[in-house]
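Q: First the structure, then my questions, so here it is.
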Amino acid sequence: MLGVLAIVVPLAIDTLPTVSLGEAIERAARLDPAYVSALGQVDNAAWARRAARLAFILPSLEVGVDATRYSSPFPNPGTGLPGTSAVTTHVAASYEVLSVRKIADLAATDAGHEAAAAGELAQRFQTAMATEADYYDVLANQELLRVATERLNRAREQLAVARARVTQGVAVQTDSLQVALEETRAEIDSARQAVSLAVARLQLGRRVGASGPVAAQPLDTLPAPALPISLEEAVRLALHEGPQFRIARANERAASALLAGTRGMYLPELTLSGENEQFDTHFFPEERSLSLVTFRVSLPIWTGGAREIAISEARVNRDVARAAREDVERAARRDVTEAYETYSTARDNYALSIRALATAAENFRVQDQRYRGGAATILELVDAQVQLTQAGSDVVQTRYATRLALAGLEAILGRRLFR
């Protein structure tokens with residue numbers, strides 16, 4: 001078992017690249033595919049909004065050239081003169097003077113950009129929370145390995161004492177056997193914890209873009225502070241600034257705008273267009289120039305039901321978006337309360353676990369002295385040893401559970417509460 005432990009025990013921290021929590025979050029944001037995608041959606045939405053606004057200012061433009069060669073002389077479409085070749089260039093511009101769709105697109109793209117920006121914020125916090133989880137996993141496994149190593153050292157010391165007492169005839173053989181069993185269990189636990197730490201460091205390395213294991217800089221062990229806002233303030237803040245709630249509201253606005261634009265298909269559209277064509281038998285044509293200006297009014301009367309189907313689909317999408325927004329808002333108090341109370345409970349549990357650790361340490365010290373003096377059995381000593389190890393593990397787990405609970409609450413609120 002010691003051979004296995006020697007193989008899997010991780011490298012010392014000073015031989016590994018080390019990152020701070022802030023650096024890990026920053027590096028992970030650049031590498032996480034989900035965040036890169038969310039950032040790209042913001043760019044896409046920005047271009048869609050920009051195009052919708054430019055539609056009110058700039059006409060659509062098109063430039064083209066046609067070159068044709070005939071097998072025998074044929075009248076040129078522009079000049080009317082026979083020839084074996086014809087070259088035509090044209091420049092066309094079109095502007096929608098009156099279109100409900102343009103107005104609806106402007107509102108829809110504004111809402112889409114808001115949804116994309118909120119989605120980027122939500123994913124940034126999700127990526128940060130995942131990074132924090134990996135970071136805390138490294139620190140927790142590192143401390144749990146220390147707890148397991150202390151357990152192994154105590155078991156070895158107890159085994160030496162038990163053997164000495166058996167040799168002196170003041171204890172039975174089963175005392176040393178009980179402690180030997182505890183030593184074996186401690187070795188297994190240490191080996192398992194060493195593997196967990198090695199894997200956690202590799203996961204953190206993957207998260208920050210390293211090809212190998214990465215160590216985490218230790219954090220302070222001060223008790224977690226109380227939240228700076230009340231539960232009611234947290235609920236209001238989530239509804240007002242929370243990314244998921246902003247996304248839901250923006251999606252509803254976009255769906256409503258698209259429905260209005262689809263209904264606008266019942267109204268006429270006014271379009272102003274112009275075109276200039278140049279005709280000749282060679283490049284750059286200049287034999288004849290023809291220009292035209294068209295003012296068009298179109299009003300679809302019946303489109304085979306396509307317009308009505310589009311309106312029905314848009315209305316359903318609007319209703320779904322509205323229902324989703326209402327459901328998210330109804331869930332706000334439940335989600336915020338769960339995250340808020342999870343942090344508060346974890347914070348209280350950390351304080352209690354520290355007290356329990358001090359009690360367990362004192363209990364072990366007393367039982368160790370009683371066993372050495374022959375006033376306690378080996379089972380009482382081993383039980384005290386197990387309780388001390390469990391108390392140490394509880395301190396580690398509740399400490400990082402508190403930090404992770406805070407990250408979960410901040411992800412819902414869309415803002416940092418302490419930093």
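Q: Could you state the orientation-averaged shadow area of the convex hull built on the Cα atoms of segment 168-220, in nm² to one decimal?
A: That works out to 6.2 nm², a quarter of the Cα hull's surface.
Q: Here's something else I'd like to know. For residue 355, what is the net charge nearby, where nearby means another residue's Cβ is under 13 Å from its Cβ and Lys, Arg count +1, Asp, Glu -1?
A: -3
Q: If you put +1 on each Lys and Arg Cβ and -1 on each Asp and Glu Cβ, how big is the dipole of segment 264-341 around its Cα centre, in Debye rounded to 20?
A: Values: 10 positive and 15 negative charges, 95 e Å.
With Lys and Arg at +1 and Asp and Glu at -1, about 460 debye.
Q: Would you work out the charge dipole size for segment 200-354 about its Cα centre, treating the Cβ of every Lys and Arg as +1 and the Cβ of every Asp and Glu as -1, and quote it to the nearest 20 debye?
A: Charge dipole of segment 200-354: 520 debye, to the nearest 20.
Q: How high is the relative contact order of segment 2-413? Use alpha-carbon pairs under 8 Å, at least six apart in sequence, and give a whole percent.
A: 24 percent
Q: With no solvent and one point per C-alpha, what does the Debye sum give as log10 I(q)/I(0) for segment 240-398 at q = 0.09, 0.12, 0.17, 0.19 Å⁻¹?
A: -0.68, -0.83, -1.03, -1.12
Q: Here's another thing I want to ask about it. Apply the Karplus curve 6.51 cos²θ - 1.76 cosθ + 1.60, θ = phi - 60°, to the phi angles in segment 34-51 and return the couplings in whole Hz, x for Gly and Pro.
A: Using θ = phi - 60°, the values come out as 5, 6, 4, 5, 4, 5, x, 5, 5, 4, 4, 5, 5, 5, 4, 5, 5, 5 Hz.
Q: Any idea what angle helix 306-372 forms with the longest principal axis of the chain, computed on alpha-carbon atoms, 0 to 90 degrees, nearest 10?
A: Approximately 20 degrees, to the nearest ten.
Q: What is the mean projected area of the alpha carbon convex hull for segment 126-189, to one decimal in square nanometres? Don't skip to the end; give the middle numbers.
A: Working: hull surface 18.4 nm².
For segment 126-189, averaging the hull's shadow over all directions gives 4.6 nm².
Q: Work out the FRET efficiency for residue 338 and residue 240 from their Cβ-Cβ distance, taking R0 = 22 Å, and round it to the nearest 0.05.
A: Approximately 0.70, to the nearest 0.05.
Q: Let me ask something else about it. Treat every Asp and Glu Cβ in the chain as -1 and every Lys and Arg Cβ as +1, leave all other atoms uncharged, and give the resulting dipole magnitude about the Cα centre to the nearest 20 debye.
A: Using Cβ point charges on Lys, Arg, Asp and Glu, the chain gives about 600 debye.
Q: Which of these values of Cα Rg over 2.2 N^0.38 Å was calculated from the structure shown: (i) 1.67; (ii) 0.94; (iii) 1.13?
A: Among (i) 1.67; (ii) 0.94; (iii) 1.13, the one calculated here is (i).
Q: Let me ask you something else. If I take R0 = 60 Å and measure r between the Cβ atoms of residue 283 and residue 309 in this structure, what FRET efficiency does the formula 1/(1 + (r/R0)^6) give, to the nearest 0.05?
A: 0.80
Q: Then there is this: Please report 288, 154, 355 as a ranked list, fewest other C-beta atoms within 10 angstrom at the top and most at the bottom. Walk me through the numbers on the way to the answer.
A: Working: 288 16, 154 21, 355 11.
Starting with the residue having the fewest Cβ neighbours, the order is 355, 288, 154.
Any read-out appearing in this document is the output of simple, stated calculations on the displayed coordinates, not a laboratory observation. Note that this is a predicted model, so its numbers are computed, not measured. Virtual Cβ from ideal backbone geometry, glycine too; neighbours counted across all protein chains shown.
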